[in-house]
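What follows is a short report on a single structure.
The values are calculated or read from the model by the stated rules, or taken from the named source; none is laboratory data. The structure displayed is predicted, hence computed values, not measured ones. Ideal geometry is used to build each Cβ from the backbone, glycine not excepted, and the neighbour counts take in all protein chains shown. These area figures cover heavy atoms from the full protein model, side chains too; ligands, DNA and RNA do not enter into them. Shrake-Rupley method; radii C 1.70, N 1.55, O 1.52, S 1.80 Å.
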Amino acid sequence: MASIMVGLSVIVHFAGLSVLLALVRRHRRGTDRVLTFIANGAVIAGAALGLFALHGIEIWGYALLYRTMGWFATFEQALYFSTSTYATIGYGDVVLLVSSRLLGAIEGVNGVILLGWSTAFFFTIVHRMTSIERDLGRGPAPLQPDPVQPQCVRHDDDNDGAKPR
């Protein structure tokens, strides 16, 4: 059962990220600074909400399994357990039966991997948006400062001192 749930959640996550990527690729660079800022903000917010929805679907999938198997009395308990397990919070106030607790542990590992995948995806989207702003020449300053240029010094044989060039 754990392998099936991991497989399904990875497929759902891959499909969701593919849709989000297709939507992000439709974003075109504008020429107006304000419109570009608003459009980039919308893309970033949309990506964040899309990722949140993806994780919600995956969490609800596990919760539905837990409730269907009768391991929790209510769906709310199953959803609470699934959410805290997926995010590896694991309060421990609601737990699975001993016979099924391995599935809960695997959900935690699955959640860590999918959250990491989402973090990498989101970082890439944000980086792309800031690159677009930088390309316009009106965006934020580069992430790293320009290296300091050393000052060339010329020594005059006629003079004891040094003169900067």
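Residues checked against (1) out of contact with any Asp or Glu (no Cβ under 6 Å at 6 or more places or on another chain); (2) more than 25 Å from Thr88 (Cβ to Cβ); (3) among the aliphatic types (A, V, I, L, M); (4) open to solvent by 20 Å² or more (accessible area, probe 1.4 Å):
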| site | (1), (2), (3), (4) |
| --- | --- |
| Ala42 | yes, yes, yes, yes |
| Ala45 | yes, yes, yes, yes |
| Ala48 | yes, no, yes, yes |
| Leu51 | yes, no, yes, no |
| Gly61 | yes, no, no, yes |
| Tyr66 | yes, no, no, no |
| Trp71 | yes, no, no, yes |
| Phe75 | yes, no, no, yes |
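Exactly one condition in (1) more than 30 Å from Ser131 (Cβ to Cβ); (2) modelled with pLDDT under 95 is false for Glu76; which is it?
(2)
Could you tell me whether segment 25-38 includes any residue that is aliphatic (A, V, I, L, M) and either surrounded by 15 or more Cβ atoms within 10 Å (Cβ to Cβ) or touching a His at 6+ places or on another chain (Cβ under 7 Å) (or both)?
no
Would it be correct to say that Ile125 is at pLDDT 85 or above, in a loop (DSSP other than H, G, I, E, B) and hydrophobic (A, V, I, L, M, F, W, C)?
Judged against the criteria, Ile125 is not a match.
I'd like to check something: does segment 47-62 contain any residue that is more than 19 Å from Gly116 (Cα to Cα), of a type in the set (D, E, K, R) and modelled with pLDDT of 95 or more?
Checked segment 47-62: no residue is more than 19 Å from Gly116 (Cα to Cα), of a type in the set (D, E, K, R) and modelled with pLDDT of 95 or more.
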